[in-house]
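The values are calculated or read from the model by the stated rules, or taken from the named source; none is laboratory data. As the structure is a computational prediction, the values presented were derived from the model and not from experiment. FYI the Cβ positions are ideal-geometry reconstructions off the backbone, even for glycines, and counts take in every protein chain you see. The area values use the complete protein model at the heavy-atom level, side chains included, leaving out ligands, DNA and RNA. Shrake-Rupley method; radii C 1.70, N 1.55, O 1.52, S 1.80 Å.
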Amino acid sequence: RPRSLLIYAGDNDLGDGRSPEQVFASFQSISVRVAATLGGIPLGFISIKPSPARFPIIDRIRRTNAMVRQYIECLPSGYYVDIFGEMLTASGAPRTDLYQADGLHLNRDGYRLWGSALKPHLNKIFTK
């Protein structure tokens, strides 16, 4: 019985051709099941990252993130961890320095960035 839940999801689904609406519906379904089985535990969502390999679908990633953010921030114990903007260059391209050679998976610097983004949420993630 977890005391909180932090989710990163949708990246592969969008990459496999699912629509933002389908990915959002899956997340919504998960959140309903979490509430039904675990009660009002804190539920967080890490925004879908803007990877170089998935840059052709960046608009679908943005749309999915926006839908999830709007939904989760209305939940009593919901919170959104936005890593998207920090992973872009000033010109709006994905920061290649945060990824492995495949342009999809994070490298050590990418995970450090995520760790920094999670710090403000620690009191929600680690509850008593």
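Antiparallel as a % of all DSSP beta bridges within the chain, to the nearest 5? Each step should come with its number before you reach the end.
Values: 2 of 9 bridges.
About 20 percent, rounded to the nearest 5.
Expressed as a rounded percentage, what relative contact order does the chain have, with Cα pairs under 8 Å and six or more residues apart?
Relative CO of the chain lands at 29 percent.
Students often check this: by mean Cβ neighbours within 10 Å, which of 59-67, 94-102, 43-51 ranks highest, and how do the rest follow? The partial results should precede the final answer.
Values: 59-67: 18.4, 94-102: 14.7, 43-51: 23.6.
Taking the mean over residues of other Cβ atoms within 10 Å, the ranking is 43-51, 59-67, 94-102.
In whole angstrom, how far apart do the alpha carbon centroids of the range 69-128 and the range 26-63 sit?
12 Å
Cα axis of helix 108-118 to longest principal axis of the chain: angle in degrees, 0 to 90, nearest 10?
In the chain, helix 108-118 runs at an angle near 40 degrees to the longest axis.
For the chain, which whole-number percentage of the solvent-accessible area (1.4 Å probe, protein heavy atoms only) is attributable to carbon and sulfur atoms?
Details: 3880 of 7150 Å².
That share works out to 54 percent.
Using only Cα atoms and rounding to the nearest 10 degrees, what angle (0 to 90) does helix 58-72 make with the longest principal axis of the chain?
20 degrees
So what J values fall out for the range 12-20 if you push phi through Karplus, 6.51 cos²θ - 1.76 cosθ + 1.60 with θ = phi - 60°, rounded to Hz, Gly and Pro as x?
Taking θ as phi minus 60°, the curve returns 5, 4, 5, x, 8, x, 5, 7, x Hz for the range 12-20.
Using a 7 Å offset from Cα along Cα-Cβ at Ala25, what residues in the range 43-75 end up with backbone N under 20 Å from the label point?
Counting only backbone N, you get 60-72.
Counting only helical runs of four or more DSSP H residues, what would the 222 nm mean residue ellipticity of the chain come to if each run contributes -39,500 (n - 2.57) and the total is spread over all its residues? Mind dumping the intermediate values first?
Numbers: 5 runs with 54 residues, N = 128.
So the calculated ellipticity at 222 nm is -12500 deg cm²/dmol.
Using amide H atoms built 1.01 Å from N in the peptide plane, name the residues 5+ places from Ile46, or on other chains, whose amide H lies under 5 Å from its own.
Long-range HN contacts for Ile46: Ile7, Tyr8, Ala9, Val81.
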